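Notes follow once the structure below has been shown.
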Amino acid sequence: MSTTFYTIKCITNLHVGSGEVNYNIVDNEVEKDAVTGLPVIHASGIKGALRDKAVTDKLNDEVIKKVFGAPGDQGICNTGEYKFFDAILLARPMRVYGSKSTSSVLVVSIDSVNRYISMLTALGYNKSGVQPVATPDFGDNHFLTNSTEDIKVEGEATDKIPASLLTELKKLGGIFEGVFAIVDDFKDYDLPVVARNCLGDKPNLWYEEVVPHDSVFYFAVISPDKDDTKYAIPEFVQFGGNASIGCGYTQVTAI
């Protein structure tokens, strides 16, 4: 089998709904990992969105069947030869104060970084051999950054990422090559919530949780080694609902 690793960068806000009815202030929440509580796009959602894109792009029917499967005898669905993994959140933007160059910065947690490293290692993509990292000393702060400016994240003072940790993370490339921050616990900072209006007989106003634009997910796809009809995942894909109002548009990049 052959494995390809991808990142998903949100070009616009994304809402992949959990499908659960709740009675909180937020009416529609996004899907979250059952253990970490962080946003996730389940493999079925990844596969469904990519299949819809393939059909829209008029990909060859035989390729679609090979990759995604097709209804078989007695309505039983052939699952296809490609195996799709969940897309897991690596980083999300948070507001920055005191910077002359940006209004937000990508933020990771030690847990999200270590899950990323573990997945890279398991699938043979950890070429630099980075090991899971230890939690640094946050002191009295909730954020550490590699910014050369004296910035605040979400209005809170920050300290510097230890040089040894920064050196290790830079080996991973990608978002770690730029300015980023580490938070001690993602769950202490809620996702953005937007108000939505509806015309017709439904209640006119409700509140919806979103994964903000510029957030970064990652996922993997396993395909057959000998594949004469190799499926190339398109660069721009829409995930989740609200496509008609510009939500869920992403850039997908192979590592």
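Odds and ends about this structure:
- Segment 92-106-segment 124-160 distance, computed between alpha-carbon centres (Å): 14 Å
- Percent of C-alpha pairs per 5 Å bin, segment 100-146, short to long: 5, 17, 22, 19, 16, 12, 8, 2, 0
- Loop trypsin sites (Lys or Arg not before Pro), segment 148-183, which have at most 10 other Cβ atoms in a 10 Å radius of their Cβ (DSSP): none
- The spread of Cα positions in segment 89-190, taken along each principal axis and listed from longest to shortest, comes to 40, 25, 22 Å.
- Shown for segment 89-190: lysine pairs separated by 8 or more places, or found on different chains, whose C-alpha atoms are under 20 Å apart, numbering 8.
- The HN-Hα couplings worked out from phi for segment 230-246 by the Karplus form 6.51 cos²θ - 1.76 cosθ + 1.60 (θ = phi - 60°) are 3, 8, 9, 5, x, 6, 10, 9, 9, 10, x, x, 6, 4, 5, 10, x Hz, whole numbers, x standing for Gly and Pro.
- Extension gain (nm, one decimal) between Tyr189 and Glu149, 0.36 nm per residue minus Cα-Cα: 12.2 nm
- At q = 0.13, 0.16, 0.28 Å⁻¹ the log10 of I(q)/I(0) for segment 142-200 amounts to -0.45, -0.60, -1.22, computed by Debye summation with a single uniform scatterer per C-alpha, solvent ignored.
- Likely footprinting exposure, Lys47, Lys127, fewest C-beta neighbours within 10 Å first: Lys127, Lys47
- From least to most packed, judged by other beta carbons within 10 angstrom and beginning with the fewest, Arg95, Arg115 follow the order Arg95, Arg115.
- For the chain, the longest principal axis of the C-alpha atoms and the axis of helix 43-56 are separated by about 60°.
- Working note: Cα gyration tensor of the chain, eigenvalues times five, square-rooted, sorted largest first, giving semi-axes of 33, 26, 15 Å.
Taken together, the values in this text are just the output of simple stated rules run on the coordinates, not laboratory data. Everything numeric here is computed off the predicted structure, so don't read it as measured data. So basically every Cβ, Gly included, is an ideal-geometry build from the backbone, and we count neighbours across all protein chains shown.
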